[in-house]
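The values are calculated or read from the model by the stated rules, or taken from the named source; none is laboratory data. All figures in this text were calculated on a predicted structure; none of them were measured in a lab. Please note: Cβ atoms are built from the backbone with ideal geometry, for glycine as well, and neighbour counts cover all protein chains shown. Ligands, DNA and RNA are excluded from the accessible area calculation, which covers all protein heavy atoms including side chains. Shrake-Rupley method; radii C 1.70, N 1.55, O 1.52, S 1.80 Å.
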Amino acid sequence: MKKIVVFGSFFVDLAARAPKFPVPGETVHGSSFQIGSGGKGSNQAIAAHRAGADVTFITKVGADEFGRMAREVYSREGMDTRYILVDETASTGTALIVVEESGQNMIVITSGACGRISEADIAAVTPVLEQADLLLLQLEVNFDAVKRAAALAKQSGARVILNPAPARELPDSLLSLVDIITPNESEAALFTGIPVKGPEDAKKAAAVFFEKGMQGVVITLGKQGAYVADRGRGEYLPCIPMKAVDTTGAGDAFNGGFVMALAQGADIFEAARYGNVCGTLSVTKQGAAASAPYRQEILKLYEENYG
Ligand code: RIB
């Protein structure tokens, strides 16, 4: 099995469920509250690990209670904690989440220590980045650190996968280092200028990413599934019907399952099916990292739908 490195955020998720999203100035009564482990990087690393991959996760936390919580989470999962860097002055990042009845969410993040990954931090983890066969990145840590990590892994021959979330403009200096990009509809729309409402739009958006040099594009389409393409062909992957309880972390579970399958030697189409299965199972449970499925349930749903 190939070695996956995930370089990204750990945040503590403070999540309330409510019958509806408040409008500006409004207060609504929520029905429940949970503190859980989140951050797109961490969620994706945990999802890939639970799916059976060999994963090393690199992040940065504060010297505070939430930072200690990160270490406990990875110890419990049986993951390496050596590359959980600590910032003595910044707080651990947080995400304030509201989940409404339909399972949809709204999120505000503060990156905290994850926004302050320095040159010295990168130097400390360079050997890990250089050993990666696959490097999975998102955009919740400071952007210079994302670019540096991509460059180091790429120089050492890794395949670089970018989940460009949360959405922002992507300079060619980063895109030239990326092999596979995995945006959702809004991220793909922001970058390409094409409103992505379904698979046909996704196909047009994918063409823009190919012009930028990508080898593979996976555009997740929420309830509609995903559009997957390499330079030779494209395929629409419908979603697997399932009642959504909480969609938080579904995209992360998709990315975790996707890289796990790439690491096992799957092509991008088969890997996206594993991603689809993981994303689907994730929406049936509450929480972000907490809802990432385990290998046995993944293999079962894969067999039922694609076997
Ligand atoms: O993708 C879901 C994640 O986004 C949450 O866990 C939250 O921490 C934010 O980073």
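What the table below lists for this structure:
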read-out: Within the accessible area of the chain (1.4 Å probe), percent carbon and sulfur; value: 52 percent
read-out: Only Lys, Arg (+1) and Asp, Glu (-1) charged, at Cβ; region 42-141 dipole about Cα centre in debye; value: 140 debye
read-out: Solvent-accessible area per residue for the chain (1.4 angstrom probe, square angstrom); value: 41 Å²
read-out: DSSP-defined beta bridges in the chain - what % are antiparallel, rounded to 5; value: 40 percent
read-out: Net charge of Cβ neighbours under 10 Å - reference residue 189; Lys, Arg +1; Asp, Glu -1; value: -2
read-out: FRET efficiency, residue 124 to residue 29 (Cβ-Cβ, R0 41 Å, nearest 0.05); value: 0.35
read-out: Per-peptide average of other Cβ atoms within 10 Å, ordering 100-110, 215-225 highest first; value: 215-225, 100-110
read-out: Filter on 197/223; 2/285; 40/223; 3/154; 223/285; 40/60 - keep pairs with C-alpha separation over 18 Å; value: 2/285; 40/223
read-out: For region 15-79, alpha-carbon Rg relative to the globular expectation (2.2 N^0.38 Å, N residues); value: 1.47
read-out: Mean Cβ neighbour count within 10 Å, used as a protection proxy, ranking 45-57, 275-287 highest first; value: 45-57, 275-287
read-out: Percent of Cα-Cα distances greater than 32 Å, calculated over the chain; value: 20 percent
read-out: Computed helical MRE - 222 nm, the chain, DSSP H runs ≥ 4 contributing -39500 (n - 2.57), nearest 500; value: -11500 deg cm²/dmol
